[in-house]
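Input: a single structure, listed below in structure tokens.
Since every read-out is calculated from the coordinates, none of them should be taken as a lab result. Everything numeric in this text was worked out from a predicted model, so none of it was measured. Virtual Cβ from ideal backbone geometry, glycine too; neighbours counted across all protein chains shown.
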Amino acid sequence: MGRDKYHFAALQEPWIGPGDSGRETRANPWWTAVYPIGYKTAGVKSRAVTLVNRSLSTNAWSQLHIACTDVVGVELRGEFGTLRVINIYNDGAHDESLEAVWEYLRTPEARR
């Protein structure tokens, strides 16, 4: 992926390396990898990772607080308003990721 073509990339079941935690993927220097909230303490590999282009100021975006290790949410703010990108890995055996997004959408953070 070129550094000038995309602002976000939503990955599903990314390659997970054997690094220190064994739960992280690789991103080239043009991307910041955003993992689900709590994935390190949950002891599971991330099945959803969102890459944010480093050309976007860190003052212009933030991670959404969605309590599920299969969901990554990112909010981008600018003159255009607010854009929220939610990357959902939906395990076919249950609806936990969808329920977590539904719970997030009911929070004051989601309604601002």
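A few notes on this one:
- Dipole check for the chain: with +1 at the C-beta of Lys and Arg, -1 at the C-beta of Asp and Glu, and the Cα centre as origin, the magnitude is about 380 Debye.
- Spherically averaged projected area in nm², based on the convex hull that wraps the Cα atoms of the chain: 7.8 nm²
- From helices alone, the chain scores -3000 deg cm²/dmol at 222 nm; the rule is -39500 (n - 2.57) for each run of n ≥ 4 DSSP H residues, then divide by the residue total.
- Mean separation of Cα pairs under 8 Å and 6 or more residues apart, divided by the residue count, gives the chain a relative contact order of 21 percent.
- Footprinting exposure proxy ranking of 11, 51, 105, fewest other C-beta atoms within 10 angstrom first, gives 105, 11, 51.
- Exposure proxy shown here: for 47, 26, 54, 112, the number of other Cβ atoms within 10 Å sets the order, fewest to most, as 112, 26, 54, 47.
- For residue 31, distant residues with modelled amide H under 5 Å away: 54
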